[in-house]
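Right, one structure below, let's go through it.
What follows is calculated from the coordinates using simple rules that are stated; it is not laboratory data. Just so we're clear, the structure is a prediction, and the values are computed from it rather than from any experiment. In this analysis, Cβ positions are derived from the backbone assuming ideal geometry, glycine residues included, and neighbour counts consider all displayed protein chains.
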Amino acid sequence: MALLFTYKKGWQESAIGKLKIKTLVEEAKKKNINYDFFLNKEEFDDCLKRYKNEDNCILILTNLENEFEFVYELCGEKIPIINAMLPNNQFLNKVSSVYENDEEAIINSLEVVKKMGCNSLVALGLLSKGRKDNLKIQYYKKHDYSKNKVVFDTKSGRIIESLNKLFKYDKRVDAIICSNDFQAIIISKIFELIDPTWNKKVLLMSWSNSKLSMLTSPSLTTYATNIKGAAKEIIHIYNRIIKYKNISAIQTFLKTEIIERESTSTKNPIGINFSDVKMPSKENIRKIISNMRTIEKLELLLIEADKTDYHIIYGLMKKLPRTTICNHAYCSLSTIKYRINNYKKIINCDSIDELSEVFNNFIDPNKLIDFL
């Protein structure tokens, strides 16, 4: 038996992509299922040659929105396909699918801000040319209970486009929902330049879940999909297809969970009319936005982090002596040196001081204590 994974080029190196691939591979290993990856037809043909003696091959689409038709035509009816956490498409009735229930998550997230007394909302940063974000836009407009139903989307994915629209919007805003945590963190940093007490006036939440979302200040309200549960469901579908050869397509919707944190803790926020607020300088905004890649790399580090890593990160943030970090982390000096060098490679820092600055910019050390 073999699983063949495919994905968009570069996606497997993103924080969410790496986590999804990692959980799928872990589940495949538990069941002693061979696996491989491909990006194009040539690599796919090579995979088939390598696994020609396997009894069964099943194709897993982990993130291949625009290429889905090509992959389906390539495989035809010869190889079963499991569509793993992709939005609905025209082949829904032809392949088995595991979906993130974005509509349910959006409904529940709107309930959170409604409960806090918000009635002037804005959805911000959605990539309108992306199929998944387009669905989110439609779900948001469908379920937004406020009268304006405002969406500041972008075709390029650049958050600056959405910010320009926000600062020209001439109505009071008391809640902002971002398409992902990284955007929300960037937005919070920009809001700090406008008003250090912004979180008492406008609530902020996002439609994804990251390790960093619980470690920022304020920590982010967000929704989480059970990625490990998704991987188990994919393997379960795989085994059912193997057992029952002619089984029809199986459709599974994952439950989502809203995680309420500090960014939505203020009741009845007074709101901000951003058109009346002086927008920070382009230089300052660009400087903050340029940290987007750094945030993603920091998330990659946190995904793999264990308790020892958290002790080391905390020690670097507090500029503790290496010997003190060793005592707290129960590890040797060589272990600390090795891990710090690894952090520098992941985040692309040249020095410990630079690394410490990144940690302090985006992590609240008091929130790290819960992980120690």
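By the count of other C-beta atoms within 10 Å, a proxy for reagent exposure, 206, 188, 156 are ordered fewest to most as 156, 188, 206.
To the nearest whole percent, what portion of all C-alpha pairs in the chain is separated by more than 32 angstrom?
In whole percent, the long-distance tail amounts to 41.
Charge dipole (Cα centre; +1 on Lys/Arg Cβ, -1 on Asp/Glu Cβ; no other charges) of the stretch 305-371 amounts to roughly 240 debye. Look at the Cα gyration tensor of the stretch 207-271: its axes a ≥ b ≥ c give a/c of at least 1.5 with a/b over b/c, and that counts as prolate.
When you work out D = kT/(6 pi eta Rh) for the stretch 305-371 at 4 °C and 1.567 mPa s, using the Kirkwood radius from C-alpha pairs as Rh and the Stokes-Einstein form, the result is 110 µm²/s.
Run the count for the stretch 305-371, please: Lys pairs, Cα-Cα under 20 angstrom, 8 or more apart or on different chains. Total qualifying Lys-Lys pairs in the stretch 305-371 comes to 14.
Going from the residue with the fewest nearby Cβ atoms within 10 Å to the one with the most, 37, 191, 182 rank 37, 191, 182.
Charge tally around residue 139: other residues with Cβ under 10 Å, Lys/Arg +1 each, Asp/Glu -1 each, net -1.
Counting other Cβ atoms within 10 Å as a rough exposure proxy, the listed residues 172, 322 run 322, 172 from fewest neighbours to most. The GNM of the chain, with springs linking C-alpha atoms under 10 angstrom apart, assigns the highest mean-square fluctuation among 171, 142, 243 to 243. DSSP beta bridges fully contained in the chain are about 10 percent antiparallel. Computed as a quarter of the hull surface, the mean projected area of the alpha carbon convex hull for the stretch 230-304 stands at 10.3 nm². Note on residue 141 and residue 342: their simple-model spin labels are 4.7 nm apart, each label 7 Å out from Cα toward Cβ.
Tell me, what is a quarter of the convex hull surface for the C-alpha atoms of the stretch 222-372, in nm² with one decimal? Projected over every direction and averaged, the Cα hull of the stretch 222-372 covers 15.3 nm².
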